[in-house]
1. Report the net charge of residues surrounding V185, where surrounding means a beta-carbon distance below 12 angstrom and charges are Lys +1, Arg +1, Asp -1, Glu -1.
2. Sort 74-81, 119-126 for me by packing, meaning the mean count of neighbouring Cβ atoms within 10 Å per residue, highest on top.
3. Grab the other residues whose beta carbon is less than 15 angstrom from that of G101, score K and R as +1, D and E as -1, and report the net.
4. Which whole-Hz couplings ³J(HN,Hα) result when phi for each residue of the stretch 208-222 is put into the Karplus expression 6.51 cos²θ - 1.76 cosθ + 1.60, θ = phi - 60°, listed in order with x for Gly and Pro?
5. Taking the highest mean first, how do the peptides 209-215, 24-30 order by number of other beta carbon atoms within 10 angstrom per residue?
6. Sorted by average packing, counted as other Cβ atoms within 10 angstrom per residue and highest first, what order do 99-109, 148-158, 133-143 take?
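A short reminder: the numbers here are calculations on the coordinates, not readings from a lab. Bear in mind that the values here come from a model prediction, so they are computed numbers and not experimental data. FYI the Cβ positions are ideal-geometry reconstructions off the backbone, even for glycines, and counts take in every protein chain you see.
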Amino acid sequence: MNKTVTISLFFLFMLLTYSSLFAQWVQVGLAGRTVQAMAVNGTTIFAGVTGGTEGVHRSSDDGAPWTPVSSLTSCSAMGTAAGFVFAGESGLGHFRSTDDGLTWAAANGGLPSYTCRAFVQVDTNIFTVNSAGVYRSTTNGVSWVLAAGSNSYINNSIISFNGNLYAGGSGIYRSTNNGASFIGVGSTGDAWGIAVIGSTIYGADGNRITHSTNDGVTWFTRTATI
């Protein structure tokens, strides 16, 4: 099973700002374009671009070069699950590719016309999140239903860790039963991004990064070291 974590560019910026480990970064293409999402499927990297007519770009050589593979105009979220590639387009729900981005088809069954912001797979379930909450698919992304325990407060980001779902919105929420219920585990303001490094969960809002090393039971604020 492919494990994909989609991190917003805002969250990436926050991690770079607050990290005490500074690395060398080299631009590898797509200059002048706004890249809002990235995903990996096997050895292929996908980048979601907003604006223009080249919404998804693909690279099989570590970003050199990139090839446009879709006509989506505002790809703001990407993910891979069950061997499929998913792309969310503003106002139009999401699209699915079964051939590594060569062709795309709308797969919005049951989804409202909100921007899908992240995708994650847990066992045979695929989850996405948008302004209405968390949606689950048991049909490889063809049709979707609102997760029973979700609501519009859980609307920004979602990951899987240790068999649980962690979703961001007005704080960070955890589900231990595939979305049947969610409980609040982190008061981080509007949690725009969630990521896992090793055994640590990170959450980011507009002012800080918080982290938890015990599955979200307790959280600590990271401080700047610049």
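1. Combined, the nearby Lys, Arg, Asp and Glu give 0.
2. Working: 74-81: 24.9, 119-126: 19.8.
Descending packing order for the listed peptides: 74-81, 119-126.
3. Working: positive: R58, R96; negative: E54, D61, E89, D99, D100.
Charge balance near G101 sits at -3.
4. The phi angles translate into 7, 10, 10, 9, 9, 10, 9, 6, x, 5, 10, 10, 10, 8, 7 Hz.
5. Values: 209-215: 16.9, 24-30: 9.7.
For the peptides 209-215, 24-30, the packing ranking is 209-215, 24-30.
6. Numbers: 99-109: 15.1, 148-158: 21.0, 133-143: 19.4.
The densest-packed peptide leads the list: 148-158, 133-143, 99-109.
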